[in-house]
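Notes follow the structure.
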Amino acid sequence: MKKTIDLNNGWEFCERWSDGFARGEECGAAAVRLPHTCRETPFDYFDESLYQMECGYRRYIDVPAEWTGKRVFLRIGAAGHYAEVYVDGRSVCTHACGYTAFKCELTGIAVPGKKALISVRVDSRETLDQPPFGYVIDYMTYGGLYREVTLEVTEQTYIEDVFAKPDAASGTVESDIAVRGDYFKIKQSVFEYKSDEKLAESSFSKGEKTVISVPGHKNWSIESPVLYTLVTEAISDGGDTVDRVATTIGFRSAEFREDGFYLNGKKVRIVGLNRHQSWPYVGYAMPESQQKLDADILKRELGVNAVRTSHYPQSQHFIDRCDELGLLVFTEIPGWQHIGGAEWKKQAVDNVREMVTQYRNHPSIILWGVRINESRDDDAFYRETNELARRLDPTRQTGGVRCNKKSSLLEDVYTYNDFVYDGTNNGCDPKKAVSSDPSKPYLITEYAGHMFPTKTFDSEDHRTEQALRHATVLDAAAAADGISGSFGWCMFDYNTHKDFGSGDRICYHGVCDMFRNKKQAADVYSVMQDETPVLSVTSTMDIGEHQAGYRGRNFIFTNADSVDMYKNGRLIRKYTHKDSPFKNLARPPIEMNDFVGDQIEKTENFKPRQARYVADIVNYAARFGMNNLPLGIKLKAAWLMLRYRMTFEDAYQLYGKYVGNWGDAATVYRFEAIKDGRTVKTVEKTTVNSTRLAADPDHTALTEGATYDVASVRLRMVDQNGNTLPFWCGAVRLETEGGIEIIGPAVTVLRGGMGGAYIRTRGEAGRARLTLTPDDAESVMIDFDITDKRTEEEI
């Protein structure tokens, strides 16, 4: 029976590889745990040469005498980017992709009854002749053993692979099973996911087609992502189970058609975001908890139904969580625009093989990306990648992200990065203007992003404009014919090379910052979910933040039925989504265009029509000022001047009284989100009179398991009403007690009133505490409970 041992502890790391390191010679190596980045980086303003090196990892393993006659494999989840594995100084295997897993067989090399020194040479230099390298790249390509490592011990007969193909219509599962060695028959069982409840069982003779039926099966969907566990056993002629493999499966049909995407026969509009697998300080190296957290943020906080793993295969933990949440996934081979020579292309084809075979059992994955992102046409190359993907997985379609119109289409879906929108034109191009074959399915794979970079500390108008640009593209795509959906660029800001970004090595293209704090644009998406009430207002209601003291265009984002706006306790207006200028979205941004309500009518001695016209003029002036008035407003002003002898001074006084509120007590604006007749969330905007640090840990029950655990703590400086202070920039000091340590510096800086911190367990069970002390505000303490679930082998 296969035995899997986690090998994430007890490693030594050296930034300079040498052959002596592989033989166990002393070199001043540091003790590390996996996942590990070869070099921690600053938050910003760092050079990518920091992580480019030829480094080494090593650790001893015990090879018990009872492993005699068994097969032993080392499995590395990912090594960025070229890896060579040694046993006792002898090279045993190499791997040339930094984004997929690989195995090295140690049988006969690691001798039973002795210790063996495992060493891994990891080359993270960007001069490597393999994808994604060869030219500029718009993301950092961090190095190290940044995913988990395991040791697998099997019998001579073992199950090498199970490719399960559930059929949503019939409730049957056909499997392609690869077994190494001799066996008598195969037995399969289907269980409820993470349960011992068996639903079906069948046995199959050697060579017989394996199809098992699940009575009363339920299909996997976005709303109800039902999963099952398929257990496959290889049985000897004596009736013993020699190997067992558990595979998570889901019944679903997924098909891109000419008119859109269909899941289980139902048309679904894809609304997604692109995701890089990076974090501040440690690059790619984060454990299971943080990988899964990103999937939770995408589905539960941002409300999207899909994610593109730009621009490479990502952690199995992340995709596992997408399976559990009902989050559709488009995954693709590594690369960014550049296509290399013959050996480079050969490696890219091999990357297709590894991507498909390692990820094809995930029900969440609906599309294989088999082109290098935004690369030129290369029919011979891409004919090979498409044919391989289809042969390895005939159940899924292929796509290939391009930035060129009328490109050669060898894939099943024309996948296109549409950056046409510049703030003045239509949100996206029509399908027929882009695709070389409009009868084929079509999908927008990137938009927004670099067209309008936005920082958390940009002006209110700038942050609002980013949100409106995302809404505009979504609105246009929803109205267009034949567009299956779209993936916005992107989920969060990320570090990048000197050729991109804002000079500080950050691309501010995200709807969240690097710590996953939401910018205003995030609420374009978050209103799509129903799990948590959403109510956000784009303005602090401070007129000095806007040009010439006008209020500008302000918007409300909500997933409620309506929003009541109050000024100093008086209802101004009830807003609904019907008030939005975006007509093709279910929950679009609502423009706030009334700051007066019926106040003028009820408090001034005006006739009804006079009061209405005055309110219209004052509300227009509040948003846009009195210059370049539209004809409608000019006509109303002229009518008031002729009929009631009103003057500009009258308008000025009324504006100050009902909008500017100059000289009076601070205005209090209150917004109440109403859902099903009750208030589900309230936002209050007024003058700031106190500040505090809000700290939000993603979890406080930490677990030492296969490796260390990491908790993310998102930070915001807020006012007395919990509103983020967008121009608060200051330091927060971090101090720990107990079995945790800080990732990155002990002082973090909030930018735009937001930031974050990460703490990591150190192998000690018990209580721990993180104390956060900001400039000019009280400290916040977060307590953690650490449980140690490691086996003696894992320790």
Counting DSSP beta bridges with both ends in the chain, the antiparallel % (nearest 5): 85 percent
Selection from PHE671, ILE118, SER91 lying farthest towards where the dipole of the chain points positive, charges on Cβ: PHE671
Calculated FRET efficiency for the pair ASP783/PHE184, C-beta based, R₀ 41 Å, to 0.05: 0.15
Percent carbon-and-sulfur accessible area, the range 140-222, ignoring ligands, DNA and RNA, probe 1.4 Å: 43 percent
Cβ-derived FRET efficiency at R0 35 Å, ARG762 paired with ASP47, nearest 0.05: 0.70
Highest-first arrangement of 162-174, 776-788, 485-497, where packing means the average Cβ count within 10 Å: 485-497, 162-174, 776-788
Relative contact order computed over the range 378-514 (Cα-Cα under 8 Å; 6+ residues apart), in percent: 20 percent
The range 219-289 versus the range 17-67: alpha-carbon centroid distance in Å: 32 Å
Largest to smallest accessible area among TRP336, TRP11, TRP639 [probe 1.4 Å]: TRP639, TRP336, TRP11
Dipole magnitude of the range 15-65 about its Cα centre (Cβ charges: Lys, Arg +1; Asp, Glu -1), debye to nearest 20: 280 debye
Length added when fully stretched, ASP422-GLU160, from 0.36 nm per residue minus Cα-Cα: 89.2 nm
GluC sites (Glu not before Pro) restricted to DSSP loop in the range 531-611 with at most 15 other C-beta within 10 Å: GLU531, GLU604
Label of the coordinate-derived value, Cα Rg over 2.2 N^0.38 Å, listed as (1) 0.93; (2) 1.05; (3) 1.13: (2)
DSSP-assigned coil residues among trypsin sites (Lys or Arg not before Pro) in the range 231-328, each with at most 11 further Cβ atoms within 10 Å: none
Solvent exposure of the chain as accessible area per residue, Å², 1.4 Å probe: 39 Å²
Positive dipole terminus of the chain, leading residue within PHE515, ALA295, GLN466 (C-beta point charges): GLN466
Accessible-area value, ARG376, 1.4 Å probe, nucleic acids and ligands omitted, Å²: 120 Å²
Between helix 608-624 and the chain: long-axis angle, C-alpha atoms, 0 to 90°, nearest 10: 50 degrees
The range 450-507: trypsin sites (Lys or Arg not before Pro) in DSSP loop, at most 10 other beta carbons within 10 Å: LYS498
Helix 342-359 vs. the chain, principal-axis angle (Cα, 0 to 90°, nearest 10): 80 degrees
Within the chain: Cβ-based charge dipole about Cα centre, in debye rounded to nearest 20 (Lys, Arg +1; Asp, Glu -1): 2380 debye
Counting DSSP beta bridges with both ends in the range 260-341, the antiparallel % (nearest 5): 35 percent
Using alpha-carbon coordinates, inclination of helix 460-479 to the longest axis of the chain, degrees: 70 degrees
Under 12 Å, Cβ to Cβ, from GLU255 - net charge with Lys/Arg +1 and Asp/Glu -1: +2
The range 710-783, dipole about Cα centre (Lys/Arg Cβ +1, Asp/Glu Cβ -1), debye to the nearest 20: 280 debye
Relative contact order %, the chain, counting alpha carbon pairs below 8 Å whose residues are six or more apart: 9 percent
Heavy atoms of MET53 accessible to a 1.4 Å probe, total area in Å² rounded to 10: 20 Å²
Ellipticity estimate at 222 nm from DSSP helix runs (n ≥ 4, -39,500 (n - 2.57)) divided over the chain, nearest 500: -5000 deg cm²/dmol
Listed residue (PHE606, TYR620, PHE582) projecting farthest to the positive dipole end of the range 569-714, Cβ model: PHE606
Relative contact order (%) - criterion: Cα under 8 Å, at least six apart; region: the range 92-201: 13 percent
Pairwise centroid distance, computed over Cα atoms, of the range 492-517 with the range 606-679, Å: 41 Å
Sequence ranges 61-74, 385-398, ranked by mean other-Cβ count within 10 angstrom, highest first: 385-398, 61-74
Additional length obtainable on full extension of the chain from LYS602 to THR771, 0.36 nm per residue less Cα span: 55.6 nm
Exposure of SER195 as accessible area (Å², to 10), given a probe of 1.4 Å and all protein chains: 50 Å²
Inter-centroid distance (Cα atoms) of the range 342-409 relative to the range 686-736, Å: 41 Å
Greater than 28 Å apart at Cα, pairs in LYS299/LYS498; LYS103/LYS218; LYS3/LYS292; LYS165/LYS187; LYS607/LYS685; LYS187/LYS789: LYS299/LYS498; LYS103/LYS218; LYS607/LYS685; LYS187/LYS789
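The values are calculated or read from the model by the stated rules, or taken from the named source; none is laboratory data. Because the structure is predicted, anything quoted here is derived from the model rather than measured. Positions of Cβ are generated from backbone atoms using ideal geometry, with glycine treated the same way; all protein chains shown enter the neighbour counts. Surface accessibility is based on the protein's heavy atoms, side chains included, excluding ligands, DNA and RNA. Shrake-Rupley method; radii C 1.70, N 1.55, O 1.52, S 1.80 Å.
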